[in-house]
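Data block below; observations after.
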Amino acid sequence: MDKYILEKEKAVLVVIDIQERLVPAMKKKDKVYENTLHLIEAAKLLDIPIVVTEQYPKGLGPTVDVIKEGLAEYNPLEKVTFDCCRGDGFLEKISSLKKSHIILAGMETHVCVLQTCLSLLKEGYFPHLVSDAVCSRKKDDYLTAKELMRDAGAVITCTETVLFQLLEKAGSPEFKTISKRIK
């Protein structure tokens, strides 16, 4: 049961490849922006580390401004591998944080997010795929990747479930800030 329970002390948020030249092809990009920003805000309020990746930024551009502006600091890990875990420094960064639960948001669900999720599982982490904070160009690709990740052992969740698991209770200043955001 431990893999299903998100606790802020055990969590890290990974935002994968929400980049300028990639997003125009994404029909669900606005939903991904909104939900990723909710996750980023919660992570900042609860002192949860955030790791941002960029796939070949020379070709796909940097992380989109709307996401960059939501971050406390912008230090993306650049990669050319689709799987973040095979990119320089990613696994070292994740390992150094000493967290077991990896919250995944980003693009594209069936490529970089999928390959990263599978490698995280192989490495012994508990990935939580935030299904309304990821997207692919094609719906079938998104759905197939989501099923594959579930079958492999990832937790499939949604933004509000993640937020309320991390918050744990009502009445705190963090709860009030997040509940205003999602109304």
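The numbers here are math on the coordinates, done by the rules we state, and not lab data. As the structure is a computational prediction, the values presented were derived from the model and not from experiment. All Cβ positions, even for glycine, are placed from backbone atoms using ideal geometry, and neighbour counts span all protein chains on display.
Taking every DSSP beta bridge that has both ends in the chain, the antiparallel portion is near 5%. Taking 31 Å as the limit for the C-alpha separation, the pairs K58/K176; K29/K93; K3/K44; K98/K139; K10/K58; K79/K183 exceed it in the case of K58/K176; K98/K139; K10/K58; K79/K183.
Each residue in D17, D132, D47 was given a count of other beta-carbon atoms within 10 angstrom of its own, and listing them fewest first yields D47, D132, D17.
Sequentially through segment 115-130, phi angles give Karplus couplings (6.51, -1.76, 1.60; θ = phi - 60°) of 4, 5, 4, 4, 5, 4, 4, 4, 7, x, 8, 10, x, 10, 7, 8 Hz, Gly and Pro residues having no value and appearing as x.
Looking at segment 47-136, the GluC sites (Glu not before Pro) that sit in a DSSP loop and have at most 12 other Cβ atoms within 10 Å of their own Cβ are E73. May I ask you to derive the relative contact order of the chain, considering only C-alpha pairs under 8 Å and at least 6 residues apart, and to give it as an integer percent? Relative contact order, the chain: 27 percent.
For every helix of n ≥ 4 consecutive DSSP H residues, a contribution of -39,500 (n - 2.57) applies; sum these over the chain, divide by its total residues, and give [θ] at 222 nm rounded to the nearest 500 deg cm²/dmol. Calculated mean residue ellipticity at 222 nm is -12000 deg cm²/dmol.
Check which residues have an amide H placed less than 5 Å from L77's amide H, if you skip close sequence neighbours. For L77, the qualifying residues are V52, T53, E54.
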